[in-house]
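Scroll down for the structure; my scribbles are underneath it.
Every number in this text was worked out from the coordinates using simple rules, so none of it is lab data. Since the model is a prediction, treat every value here as computed from it, not as a measurement. Ideal geometry is used to build each Cβ from the backbone, glycine not excepted, and the neighbour counts take in all protein chains shown.
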Amino acid sequence: MIHAENLTKYYNAFCAVDGINFEIEKGEIIGLLGPNGAGKTTTLRMLTGYFAPSSGDIRIKDVSVRENPLAAKNLIGYLPESAPLYKGMLVYDYLDHIAKIRGLTGDAKNKRLRELADKCGLHGIMHKTIETLSKGLKQRVGLAHAMMSDPEILVLDEPTSGLDPNQIVEIREIIRRIGEEKTVILSTHILSEAEATCDRIVIINKGRIIADGSTRDIKTQNGQADQIQVTLLQTDFEAVRSQLESVKGVRKVQPMPAESPDHLKIGVTCQELSDPRADLYAAIKATDWVLIDFHQEAKTLETIFRELTREN
Amino acid sequence: MRQAVLIFSKEFKDYFISPIAYIVIAIFLLVTGWLFFSTFFIFGQVELRRFFDLLPFLFALVVPIITMRLFSEELNVGSYEILLTLPVTFLDIILGKFMAGVAFVAAILLPTLAYPIFISFLGTLDWGVVLGSYLGSLLLGAAYVAIGLFASSLTRNQIIACIVGMVICATLAIIDKMLFFFPQSILDVAVYLSSAIHFENVAKGIIDTRDILYFLSIAFIGLYATHLVMQEKK
């Protein structure tokens, strides 16, 4: 559906996007992740035709953004960061204007406006001025704007930035609903958001792609194996270690700082692709230790993200 | 072209949403009315020449106020990004905004039609001359709008856009009074650049192709420069 090849953008001497390649299939929800200034917005702006790439090209359904920007723009709905809509206009007037520019007229236009008002929950605010809306409402108007021509591809730049938790959930819900039929590309630096809404994640740092895959793929590729944490009551560490290190699939047992002096907290590092939880439990059950806590500490996207994007 | 018309109608409506439009119109009418009629009865001639003589300089101050927001506001708010990612070309955007500016200049001139109407009661007014002068005024306005549009595309700050526009337009308007600053060799060029000199004929009601060509050239240069600025931003 979307094919980017060797995409590069220079701002004078500064290289914002450095020869990235990616391929996006129809119906995917892609999350573009990266620290601030990584090149996310620049990439989206090239995709949507706001910037021309310094070199390289993007083909959207075999339409080159370089050679035929107008046709490419017709295939994409785009909502820039923080929805910079015309402030002074009424919501209805604004959407009406966009509908006309997108080539809708008469009944088709009115029908589409009504559909979008339903989808994005705009019924109560159609006759308000855009500048009086809260950020969440403005974002919803922005989504309606982006979906106006019912485009196959929807590009959203930081769709939930600056919203409160309730609004974030609302917007996410709308995005997920859209994602059932459309290809959605969104950028964010909130990792839980990417995890919650996206099928696939592309992590960008300093203008280069450093990871690309589903959340699970990225976790398994970049993590060492998961760690299991066990807390026992009044037990001797050496005894525990000799007992648990003999369990199959366990690589190492280490002491960890416990919450109270009575507790013994240990971290059990597992071998790759093994899950010794059942065996561990059996081994503990066979003794007279008192088990207080037993849980698997999954490596979060957060840690992976930090490891990948850290300086040096 | 359809898209340009849509952008035109949006921009033109926008003028009347904010109070600035009405303030500009009111001040323009006040100043022209006062400057024109304060000497009108002294000369005692039924003609509008002295009104039109005011326009090159007055428009140089008024038109940049009209055009300053056309690009600067969009750049400042960020809606420029939305505009550019809609299926419209640079030409649609530039022409749409340009036409909106020219239409607003026409809206400013419209109430001044009261002057010839009132004057016509005092004697015989040559309506052909009046019509020619109004057409010429629109051409002058269009040339200034193009310059103002260019100034607006340079910056996200409306005040700067306004001042840059005023400086360029006012230079064209008063250059004919500054000729003693110029060396002999470029005197002809300086005279040719003067909007006031080209407008003199227009104010008399004479439509000369050379003058029309001048105003159209200025408009074209302004619009083309705007195009270059937009290209550069990309």
Where N is the number of residues in the range B:34-139, Cα Rg divided by 2.2 N^0.38 Å: 1.43
Given charges at Cβ of Lys, Arg, Asp, Glu: the range A:224-298 dipole, positive-most of A:254, A:271, A:289: A:271
DSSP bridge pairs, the protein assembly as shown: antiparallel proportion in percent, nearest 5: 70 percent
Average Cα contact separation per residue, the range A:228-312, under 8 Å, 6 or more apart, as relative contact order %: 39 percent
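Normalised by the residues of the range A:137-259, what does the relative contact order come to in percent, with Cα pairs under 8 Å and at least six apart? Before the final figure, lay out each step's value.
Details: 80 pairs, mean separation 18.4, N = 123.
Rounded, it is 15 percent for the range A:137-259.
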Cα-only Debye scattering, the range A:159-221: base-10 log of I(q)/I(0) at q = 0.14, 0.18, 0.28 Å⁻¹: -0.44, -0.71, -1.27
Computed E for residue A:90/residue A:180 - FRET, C-beta separation, R0 35 angstrom, nearest 0.05: 0.70
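Given the Cα-Cα distance of residue B:22 and residue B:213 and 0.36 nm per residue of separation, how much length would full extension add, in nm? Working shown, then result.
On the way: separation 191, 0.36 × 191 = 68.76 nm, distance 3.17 nm.
Once the chain is fully extended between residue B:22 and residue B:213, it gains 65.6 nm.
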Packing rank of A:133-141, B:65-73, A:55-63, where each peptide gets the mean count of other beta carbons within 10 Å, highest leading: B:65-73, A:133-141, A:55-63
Pairwise centroid distance, computed over Cα atoms, of the range A:103-153 with the range B:9-47, Å: 39 Å
Spherically averaged projected area in nm², based on the convex hull that wraps the Cα atoms of the range A:224-298: 4.5 nm²
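Please give the length that would be gained between residue A:206 and residue A:23 if that part of the chain were fully extended, namely 0.36 nm times their separation in residues minus their C-alpha to C-alpha distance (nm, one decimal).
Details: separation 183, 0.36 × 183 = 65.88 nm, distance 1.95 nm.
Taking 0.36 nm per residue and subtracting the Cα distance, the gain is 63.9 nm.
Rounded to two decimals, what is Rg over Rh for the protein assembly as shown when you use alpha-carbon atoms and the Kirkwood radius?
Values: Rg = 33.2 Å, Rh = 28.0 Å.
With Rh from the inverse mean 1/r over Cα pairs, Rg/Rh is 1.18.
Could you size up the charge dipole of chain B around its Cα centre, putting +1 on the beta carbon of Lys and Arg and -1 on that of Asp and Glu, and report it in debye to the nearest 20? Mind dumping the intermediate values first?
On the way: 13 positive and 15 negative charges, 60 e Å.
Value, rounded to 20: 280 debye.
Cβ neighbours within 10 Å, averaged per peptide: list A:148-160, B:9-21 in order, most packed at the top. Present the calculation step by step, with values, prior to reporting the outcome.
Working: A:148-160: 21.8, B:9-21: 15.7.
In decreasing order of mean packing, A:148-160, B:9-21 become A:148-160, B:9-21.
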Cα long-axis angle, helix B:90-109 against chain B (0 to 90 degrees, to the nearest 10): 30 degrees
Residue mean of other protein chain beta carbons inside 10 Å, A:69-82: 3
Alpha-carbon spread of the range B:2-233, three principal axes, descending order, Å: 57, 46, 29
Reachable lysines, given that their alpha-carbon falls under 21 Å from the alpha-carbon of residue A:265 and they are not under 8 places away in the same chain: A:248, A:252, A:285, A:299
Estimated dipole of chain A in Debye, rounded to 20 [Cβ of Lys and Arg +1, of Asp and Glu -1, Cα centre]: 1060 debye
Under 10 Å, Cβ to Cβ, from residue A:75 - net charge with Lys/Arg +1 and Asp/Glu -1: +1
Span from the the range A:72-94 Cα centroid across to the the range A:258-284 one, whole angstrom: 53 Å
Computed lengthening from residue A:281 to residue A:150, 0.36 nm per intervening residue step minus Cα-Cα distance: 41.8 nm
Virtual spin-label span in nm between residue A:236 and residue B:13, 7 Å along Cα→Cβ: 8.5 nm
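Rounded to whole Å and sorted largest first, what semi-axes of the equivalent ellipsoid does the C-alpha gyration tensor of chain A yield via the square root of 5 times each eigenvalue?
Details: eigenvalues 463, 111, 51 Å².
Ellipsoid half-lengths, sorted descending, are 48, 24, 16 Å.
Using Cα pairs under 8 angstrom and six or more residues apart, how large is the relative contact order of chain A, in percent? Don't skip to the end; give the middle numbers.
Numbers: 560 pairs, mean separation 60.3, N = 312.
In percent, rounded to a whole number, it is 19.
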Eligible lysines near residue A:138 by straight Cα distance, threshold 26 Å, same-chain separation 8 or greater: A:40, A:73, A:87, A:100, A:109, A:111, A:119, A:128, A:182, B:10, B:13, B:97
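Ranked highest first by the average count of other Cβ atoms within 10 Å around their residues, in what order do A:88-100, B:131-143, B:168-180 fall? Working shown, then result.
On the way: A:88-100: 19.5, B:131-143: 22.0, B:168-180: 16.8.
Ranked from most to least packed, the peptides come out as B:131-143, A:88-100, B:168-180.
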Debye log10 I(q)/I(0) at q = 0.09, 0.17, 0.23 Å⁻¹ for the range B:105-234, Cα point scatterers: -0.33, -0.98, -1.31
Whether the range A:51-208 is rounded, prolate or oblate, judged on the alpha carbon gyration tensor where a/c under 1.5 counts as rounded: oblate
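Nearest 20 debye, what's the magnitude of the dipole of the range A:10-114 about its Cα centre given +1 on Lys and Arg Cβ and -1 on Asp and Glu Cβ?
On the way: 14 positive and 11 negative charges, 96 e Å.
Charge dipole, the range A:10-114, about its Cα centre: 460 debye, nearest 20.
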